[in-house]
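The values are calculated or read from the model by the stated rules, or taken from the named source; none is laboratory data. Because the structure is a prediction, the values reported are computed rather than measured. Positions of Cβ are generated from backbone atoms using ideal geometry, with glycine treated the same way; all protein chains shown enter the neighbour counts. These accessible areas exclude ligands, DNA and RNA; they are computed on the full protein's heavy atoms, side chains included. Shrake-Rupley method; radii C 1.70, N 1.55, O 1.52, S 1.80 Å.
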Amino acid sequence: MADGEKWWKPRMMTREEMGQNRWLAPIAHRFLSPELWRFTRRSVPRGVALGLFAGFIVPVGQIFLAAFLALPVRANVPVAAAATFLTNPFTLPFFLVLANRLGHWVLFLDQATGGQAPERLDGDAWAFMGWFVEVAGATALGYLILAIVGAIIGYAVAALVWRLVVARKWSRRALRRERRHSGPVAP
């Protein structure tokens, strides 16, 4: 096992553990299909993309959404579930601010409103509610953009890393084969 596998392999749920989950019972026959659990050059990037998309779109139940989305597109289920952990309680403040700023930038709301929150909460409640809806809408749009762009970038990076890892294995294999066939030269 490689060093990375020693860390993540024991921490991942097995097919059987996920199949015993009561929420997955209705689709367990499809969910436990072996092709959804293989690490291939196509299923891994799909899993990364779905996991990142689900991680940004849904605040709760991201793993289940990623697993359900993995079924029709034949993505790797463990990778999709693991990729959702990019959004977690520690990264939430960063992504909230980033999504809000991104949503404001796309909508140009700061120019129209001056970028100011209401000064007093006890004043006009409707002004506060309008401001809240504006901020929440911009944040939701920012999260949607983060989900789509994150999925695209995640797919591209995972495909590139997969290609580099496979190329490295092939070059090592060729080097071993060359060493084996060359051997010591007799005088």
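Some points to look at:
- Filter pass, residue 58 being in contact with a Gly (Cβ under 6 Å, 6 or more places away or on another chain) and open to solvent by 20 Å² or more (accessible area, probe 1.4 Å): no
- Neighbours by Cβ (under 7 Å, 6+ apart or cross-chain): first from the range 30-46, closer than 11 Å to residue 78 by Cα and open to solvent by less than 50 Å² (accessible area, probe 1.4 Å); second modelled with pLDDT under 75 and among the basic types (Lys, Arg): 37/15
- Residue check, residue 101 charged (D, E, K, R), more than 17 Å from the chain's Cα centre (by Cα) and over 19 Å from residue 161 (Cβ atoms): yes
- Unique match (being at pLDDT below 90 and outside any helix (DSSP H, G or I)) among 40, 139: 40
- Residues in the range 64-73 include none that are among the small types (Gly, Ala, Ser) and either outside any helix (DSSP H, G or I) or under 13 Å from residue 146 (Cα atoms) (or both).
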